[in-house]
Amino acid sequence: MKTQEEVENLKENWLNDPCWDISLTEDFEEFAEQLRQREINEAKVDATAEDLGVKGLYRLICRLEDMQEIHSEAIALLTEGKSFEAYNVLLKGLKRETMLKDRKTGAEKP
């Protein structure tokens, strides 16, 4: 049985190279609907950006909103005295940004 963290990692990998139907990924059948929804959401974002004619800018705004949510979550954890959990939230956000940057620049994973 796959964990939610493994599902999130699969989603991030798919974002780096969305050339397959993520909802049909082997060993992730129990998450098919969640993965299908991810594909639908990404297609909507792309369509909206394309309609606006500013795809890159729209994607950047979406990423900035994601980063703001991550920082807000980390700050909330810090105010509760949960510094290790806040660190993990920030680290997860940093890993995601690094993956997106690598995708943009064409860098490969080690």
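The values are calculated or read from the model by the stated rules, or taken from the named source; none is laboratory data. As the structure is a prediction and not an experimental result, all values here were calculated from the model. Note that each Cβ is placed from the backbone with ideal geometry, even for glycine, and that neighbours are counted across all protein chains shown.
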Residues satisfying the stated conditions in segment 3-29, i.e. assigned to a loop (DSSP other than H, G, I, E, B) and surrounded by 13 or more Cβ atoms within 10 Å (Cβ to Cβ): Pro18, Thr25, Phe28
Does Leu94 fit the bill of being modelled with pLDDT under 90, among the aliphatic types (A, V, I, L, M) and within 22 Å of Asn13 (Cα to Cα)? yes
Cβ pairs under 7 Å, 6+ apart, first in segment 37-54 and on the phi < 0 side of the Ramachandran plot and surrounded by fewer than 14 Cβ atoms within 10 Å (Cβ to Cβ), second of a type in the set (Ser, Thr, Tyr) and at pLDDT below 80: Thr48/Tyr58; Leu52/Tyr58
Tell me, which residue of segment 1-58 that is at pLDDT below 80 and under 20 Å from Thr98 (Cβ atoms) is farthest from the chain's Cα centre (by Cα)? Gly56
Could you give every pair whose Cβ atoms fall below 6 Å, whose first residue belongs to segment 77-90 and is more than 16 Å from Glu5 (Cβ to Cβ), and whose second residue is surrounded by 13 or more Cβ atoms within 10 Å (Cβ to Cβ) and charged (D, E, K, R), counting only separations of at least 6 or pairs across chains? Leu77/Glu85
